[in-house]
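Here's the structure, in structure tokens; my notes come after.
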Amino acid sequence: MFRHTPLRYAVLAILAIAALMQAFTAGYFGLEILIEILILCLLVLALDLVAGFGGMVSLCHGALMGVGAYAFVALNALAGLDPWLAALGAVAITAAVAWVIGAVCARSHGIYFIMATLAFGQMGYSYVFSAPLFGGDDGIGGIDRFDLTALGIDLSDSRTFALFCLAVLAAAYLFTVAILRSGLGRSLAGVMHNEKRMKALGLITWRVKADVFGLSGVIAGVAGVLAAQHIQFISPGLMNWTVSGEALVVVILGGLGTLVGPLVGAAAFVVMKHQLGEITTYWHLIVGVILIAVVMSRANGIFGWVEARWGARIERRLSDATRASTPKEVSTDA
Amino acid sequence: MKRATLATLAAATTLALPAATAADTVDIGLLLPFSGVYASLGNEIEAGFALGLATYGNELGVEIILHREDTEVTPAVGLARTRKLILQDDVDAIVGIVSSGVLGAVRDLVDGAGVPLIVANAGNDEATGEACSPWITRVSFSNGQVNRPMGRWMAEQGIETVYTLAPDYAAGRQMIEGFAGAFTEAGGTILGSDFTPFQQTQDFGPYIAQAQASGADALFVFYAGGEAISFVNQYASFGAGDDLPLYGSGFLTSQLYVDAQGPSAEGVITALHYVPTIDNPENAAFVAAFRDATGRTPSEYAVQGYDAARALVEALETGARDRETLGAALRQVSFDGPRGALAIDPATNNVVQPIYVYETVTGEGGMTQIVLAQLPAEADPVNGCAMPSMPTN
Amino acid sequence: MLETRSLTKSFGAVHVTRAVSLKLERGERRVILGPNGAGKTTLFNLLVGELTPDSGSVHLAGEDVTALTVPRRARRGLSRSYQKNTLFDGLTVEENLALAAAVNTGHATRLWSDSLSRPEIRETLAEVAHQVNLMPYLHARVSEISYGVRRQLEVGVALATRPLVLLMDEPTSGVGPEMSKGFHELLNNLPRDLTLLIIEHDMDLAFDVADTITVLNYGEVVFDGLPDAARGSKLLKDIYLGSWEDA
Amino acid sequence: MTHDLSFWTLQTLNALQLSMLLFLLSIGLTVIFGLMHFVNLAHGALYALGAYIAASVAATAGFWVAIVVAPIGVALVGVVLYGGLIQRMRKSGPMAQVLVTFGLIFALLDLTRIFWGDLALAMATPPALSGQVDLLGVSYPAYRLFIIALGAAILAALALALSRTQVGAMIRAGVDNDAMAACLGINVERLFFVVFCVGCALAGLAGAVAAPLLSVTPGMGLQILIPTLIVIVIGGLGSLKGAIAGSLIYGFVQTFGAVLAPQLASVLIYALLAAVLVIKPVGLFPAKG
């Protein structure tokens, strides 16, 4: 079950401040990277929700994001709907698709779950790859960003769009925490810890899994809508299984089941990719080696490692500080 | 110590100069795939481009600052990198683009921002058709352009019925459309067309068997890259050559792959805007220089890079230095190059160039290609392009 | 309340349950005895639906539930505890109980309410924690409490669903005599209208708690009757002597 | 379009050929999984490596040397991987394994690019196998028949080895219950090592025989990975029967799908996989009930 520790709050605060500073000071490309990070953050948040808290290691989340993006394009660029309506529709479609995938795969476990989700993801990829409606391999453009000019906000400006994405991410983070704190989220944790017992208690576990998968699809769908609006052009590459693989890498690099960790991982991954990409076109090699090293080290990602190593000490210090400032008792949850 | 001082002095002079000749530097974005499935094409175009700059650009007195960006294979990445070139690096012109998808993705951006783009490969017909832009000049080819003359030529050779195969994506379909249109217009019949799942088809056996069963006089295909090698090898292994001779768009037997195809490519007749065995002095010089520089024979991709550099240099020679003047000058470019006489069609900004029909045969040091016919250059139909008379912002 | 009609199950050539027919009245407390491998746990698995019988049927409160899945039967009031602790290890005692309590109230699948803070859940939780003596441990994680307390929690979790029938698979398995005694009280203090079916090795406990006794041997019911009759039964002594003496 | 019998014969042979190629790849992967519970996503990369080694060797020493050297070379890489990574990852759960081998895919992909470049390579068909053979009324490429025969031979050899030899019995015992196998005094570590290396060698062999048929590109490993995974998931992990059944299903669906329903060809197989997983979540012939 998800708990906010002082360490997690601290890291969240640092991330938020860093993102805001970057948003207000960065040049054009810095903003592009920031937006890329924020969208990836949404995706890994969605993935951590199912993988870290439900044990559903999905290899189709990239494809789900693609469903969001393509559904948005279909409703916005092709059907001519207002971007807000189109986004709403796209998120609903993604959630529905995710729910169905979750329901079908709920009976599979371990590697079978991974493979089953992979199959669904590739099915979507193959479809858009060969669908003339969506421009096939060439992709499709003509995508509008949200119109907030009524509020005096111009999202065509990179800085504004970055801040908008940051706000969406913050909302998505709160949404995820709310899910995890709800009865549904608690049941999900129960299912991950002991599915057999949850069944014996009368919980229809596949429904819980499917529901959370669908909710995860909501976040993935939002990520897809933003991704489509960011580049204003999408192509099937977005749905390839390697995108899902990279998202999983980020979740693990960051720290599975910590919510905060994957956000750190996303930032680290995108920055690393761009830095290495500047130096060499063989950056995959370096990322691969780092990935192997991290997983082999058996730590739960960067954040998990920090938590395991310093978490207790930092917490003690922070709670000492809290106690000193407020004489109230510190709750056991902290 | 002395050398160090000299070096510092030299650095100082070059540093001092730009102030005086600020107008004489141009920033050029080189936008190519350096990783992913098209990496080899990106490298080939870059090599040609570098050679072109070295050959023609030295006496220009203009310092060309290159900004190299990797588009990978994804249009979205290509678009993001183009934005970076335009907004952050503030380039005066962009050269490159291999995949039609990337070109389609960046079209509105370069058009809207008013940045000249020299297309060095991507052949989608719309880019110089209904989606044409005064800012986009193509020195490579268009999908229809390289295949239409072949349709007519094959009909003239007495071939009456043809079966076609191509990968199932926009470029594949356009190549076949261009060919089939001209072929049927000239009196031929298309007996059947299959489009194979792009980049997912590894076994062409089922399709080849299908084509054989159709009883057509000939097979016309478009494949490129790894698929071209697989296809030619698998076609040869079925021994279908006697009943169903293989024709194709020239990318099928590109210089890049023909050695890998080996004897399998023997007798395959294809048409393209360039083949290294074209007999003219410019080509002889180009092939020799390219071999010196890289140790390999140039392909059509190399010549596209080379001519893109030459077009840029020609435009710079007119005194153009910024986006606007370069954009205008690029549309006026014409020269005799390795491909023969090239010009830009003012109606579409697409290159006008001759097309060569050639047969691949076994030569002394491996496979070589004999030019069977040089088909006259003709401008593409306008295809709905309404070109503004002059670039405007 | 709970009834089976010639329930039969075999794994390959081994018949683990042969035509078992049982009938429990509302509020009845029955203990199942039998040597290891007699098919007691298999019977439980058949009752709750973790196994499907080859033939025969299970009836709960007059309804044939044989075709229903585990969760569906549980929702109709059938709950069980396991011989091996089957708990949610990373969570606190309170959270363990809340998970169970939330299922029947519908909060387990609700998105906009935190089950742990609902008054009705807190009520159930407090009541169950009291019944199985878990009050002092509510905020401790499962990994932090002793084995004996975990056994209590194992029963507590099953109780927190507010079942009509509670199946307990060796609740005192592995706990010391002291603790075992505590379990007597605990069981005796459970509400009288709750129907209990208990697999038990501890004879004293069995005879102390049971209204009726069923003895299984090789998957067959060999005795079904009152504790006093069982105590004197020669048959029971013969098949069950070893473990009886041990206990 | 109507077709005569010889057309269908031809397509059946095509389907068989594709099936056998996939079988060579999937059998190693599935047995490694069944025995060691190890998910090796880098299996495709090993296949690509086999193709590259074969293409390089064939250029100087000819085809027959190449198809011997390539499996050995890949098996040696397997030895290194086993010692360096796999052995330590065995107990770490599917997710960690997926990630480590995902990292390996990245690394091996770029390593092949560094060693062999981005340009596609090819490997010539050996002269002895370059013609066509008349069979069942159709003229069929000899090399494709060779692949079918090779696949069938490996299948027969593996089936025999599994059912008749002591190692085979150990593997079956290990797949069934590794703890039990260890109790029976089987040196499980050594068994794993041998099986892993044989699996790698088969992947290398598949790459080597595929090289003259396809082109050798850095991306070929990624391209084949998904079909291979589909094969073993449809077939059920860990069993020879599953691997061959999955391969045949994939080969036939893909080949006849391409002919009969070209628009659906690419989606068809995924739909089939999804259907199998819904009906039998552990595949058609899993090693364990």
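The values are calculated or read from the model by the stated rules, or taken from the named source; none is laboratory data. Not measured: the values here are computed from a predicted model. Please note: Cβ atoms are built from the backbone with ideal geometry, for glycine as well, and neighbour counts cover all protein chains shown.
One line per residue, one yes/no per condition, for (1) outside the structural domain of residue C:125 (by the TED database); (2) not in a loop (DSSP other than H, G, I, E, B):
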residue	(1), (2)
C:153	no, yes
C:157	no, yes
C:167	yes, yes
C:171	yes, no
C:174	yes, no
C:181	yes, yes
C:185	yes, yes
C:191	yes, no
C:196	yes, yes
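Could you check the stretch B:106-137 and list, in sequence order, the residues that are surrounded by 24 or more Cβ atoms within 10 Å (Cβ to Cβ), of a type in the set (Ser, Thr, Tyr) and at pLDDT 90 or above?
If the condition is that a residue be surrounded by 24 or more Cβ atoms within 10 Å (Cβ to Cβ), of a type in the set (Ser, Thr, Tyr) and at pLDDT 90 or above, then B:137 is the only one that fits.
Of the conditions (1) within 11 Å of another protein chain (Cβ to nearest Cβ); (2) under 29 Å from residue A:59 (Cβ atoms); (3) surrounded by fewer than 23 Cβ atoms within 10 Å (Cβ to Cβ), residue D:21 fails just one. Which one is it?
Only one criterion is unmet by residue D:21, namely (3).
Anything in the stretch B:287-299 that is in contact (Cβ under 8 Å) with a residue 60 or more places away in the chain and assigned to a helix (DSSP H, G or I)? List them, or say none.
Correct list: B:289, B:290, B:293, B:294.
Kindly evaluate residue D:236 against the criterion of being within 29 Å of residue A:241 (Cα to Cα) and either buried (at least 19 other Cβ atoms within 10 Å of the Cβ) or in contact with a strand residue (DSSP E or B) (Cβ under 9 Å, 6 or more places away or on another chain) (or both).
Yes.
Any idea which residue in the stretch D:77-119 is nearest to residue D:220 (Cα to Cα), counting only those that are of a type in the set (A, V, I, L, M, F, W, C), within 10 Å of chain A (Cβ to nearest Cβ) and in contact (Cβ under 8 Å) with a residue 60 or more places away in the chain?
Filtering first and then ranking leaves D:109.
Taking strands (runs of 3 or more DSSP E) that do not extend beyond the stretch B:138-256, which have at least 2 residues that are closer than 30 Å to residue B:382 by Cβ, among the aliphatic types (A, V, I, L, M) and at pLDDT 90 or above?
Strands (runs of 3 or more DSSP E) meeting the threshold: B:161-167.
Condition test on residue A:187, is it more than 15 Å from residue A:40 (Cα to Cα), hydroxyl-bearing (Ser, Thr, Tyr) and either in contact (Cβ under 8 Å) with a residue 12 or more places away in the chain or more than 7 Å from chain C (Cβ to nearest Cβ) (or both)?
The answer is yes for residue A:187.
Go through the stretch B:86-97 and give me each residue that's crowded, with 19+ Cβ neighbours inside 10 Å and over 21 Å from the mean Cα position of the chain (by Cα).
B:86, B:91, B:92
Can you say whether residue A:91 is closer than 19 Å to residue A:240 by Cβ and buried (at least 22 other Cβ atoms within 10 Å of the Cβ), as far as the supplied structure shows?
It is false that residue A:91 is closer than 19 Å to residue A:240 by Cβ and buried (at least 22 other Cβ atoms within 10 Å of the Cβ).
State which residue is farthest from residue B:235 (Cα to Cα) when the search covers only the stretch B:138-188 and only residues that are of a type in the set (D, E, K, R), surrounded by fewer than 24 Cβ atoms within 10 Å (Cβ to Cβ) and touching a Gly at 6+ places or on another chain (Cβ under 8 Å).
B:185
Could you check, for the stretch C:187-210, whether at least one of its residues is within 21 Å of residue C:123 (Cα to Cα) and buried (at least 18 other Cβ atoms within 10 Å of the Cβ)?
Yes, that holds for at least one residue.
Just to check your reading of the model, which residue among A:155, A:226 is under 30 Å from residue A:106 (Cβ atoms) and either modelled with pLDDT of 85 or more or within 9 Å of chain C (Cβ to nearest Cβ) (or both)?
A:226
If I ask for residues that are part of a helix (DSSP H, G or I), more than 23 Å from residue A:119 (Cα to Cα) and either in contact with a Lys or Arg (Cβ under 7 Å, 6 or more places away or on another chain) or more than 9 Å from chain B (Cβ to nearest Cβ) (or both), which ones from the stretch D:207-229 would you list?
Across the stretch D:207-229, the qualifying residues are D:207, D:208, D:209.
With respect to residue D:146, is the statement that it is more than 28 Å from residue B:239 (Cα to Cα), at pLDDT 85 or above and of a type in the set (Phe, Trp, Tyr) true?
The answer is no for residue D:146.
Say we look at the stretch B:66-85 and pick out the residues that are aliphatic (A, V, I, L, M) and at the interface with another protein chain (Cβ under 9 Å from one of its Cβ atoms); which of these is surrounded by the most Cβ atoms within 10 Å (Cβ to Cβ)?
B:79
Any chance the stretch C:145-161 includes a residue that's within 14 Å of chain A (Cβ to nearest Cβ) and free of Cβ contacts under 8 Å to residues at least 40 places away in the same chain?
There is no residue in the stretch C:145-161 that is within 14 Å of chain A (Cβ to nearest Cβ) and free of Cβ contacts under 8 Å to residues at least 40 places away in the same chain.
May I ask you to say which residue of B:267, B:241 is surrounded by fewer than 23 Cβ atoms within 10 Å (Cβ to Cβ) and without any contact (Cβ under 8 Å) to a residue 40 or more places away in the chain?
Testing whether each residue is surrounded by fewer than 23 Cβ atoms within 10 Å (Cβ to Cβ) and without any contact (Cβ under 8 Å) to a residue 40 or more places away in the chain leaves just B:241.
Just to check your reading of the model, which residue among A:293, A:268 is at pLDDT 80 or above, of a type in the set (Gly, Ala, Ser) and within 23 Å of residue B:70 (Cα to Cα)?
That would be A:268, the only listed residue that is at pLDDT 80 or above, of a type in the set (Gly, Ala, Ser) and within 23 Å of residue B:70 (Cα to Cα).
Name the pairs: first residue in the stretch B:373-393 and over 15 Å from residue B:344 (Cβ atoms), second residue at pLDDT 80 or above and surrounded by fewer than 14 Cβ atoms within 10 Å (Cβ to Cβ), Cβ to Cβ under 7 Å, at least 6 apart or on different chains?
Cβ pairs passing all conditions: B:383/B:130; B:384/B:130.
Would you say residue A:209 is of a type in the set (D, E, K, R), part of a helix (DSSP H, G or I) and touching a Pro at 6+ places or on another chain (Cβ under 7 Å)?
When the stated conditions are applied, residue A:209 does not pass them.
Go over the candidates A:258, A:205 one by one and state the one that is closer than 25 Å to residue A:9 by Cβ and within 14 Å of chain C (Cβ to nearest Cβ).
After ruling out the rest, the residue left standing is A:258.
Do we find that residue A:72 is under 20 Å from residue A:247 (Cβ atoms), in a helix (DSSP H, G or I) and not small (Gly, Ala, Ser) in this structure?
yes
Determine which single condition residue B:100 fails, assuming it passes every other condition in (1) surrounded by fewer than 20 Cβ atoms within 10 Å (Cβ to Cβ); (2) within 14 Å of chain A (Cβ to nearest Cβ); (3) in contact with a Gly (Cβ under 8 Å, 6 or more places away or on another chain).
(1)
If the requirement is being under 17 Å from residue A:46 (Cα atoms), surrounded by fewer than 21 Cβ atoms within 10 Å (Cβ to Cβ) and away from chain C (no Cβ under 13 Å), which of these qualifies: A:282, A:173?
A:173
If you check residue C:99 against the conditions, is it buried (at least 23 other Cβ atoms within 10 Å of the Cβ), more than 8 Å from chain A (Cβ to nearest Cβ) and within 22 Å of residue C:194 (Cβ to Cβ)?
Taking the combined requirement at face value, the residue does not satisfy it.
Could you grab me the full set of residues in the stretch C:95-134 that are at pLDDT 80 or above, outside any helix (DSSP H, G or I) and either out of contact with any Leu (no Cβ under 8 Å at 6 or more places or on another chain) or charged (D, E, K, R) (or both)?
C:106, C:110, C:118, listed by residue number.
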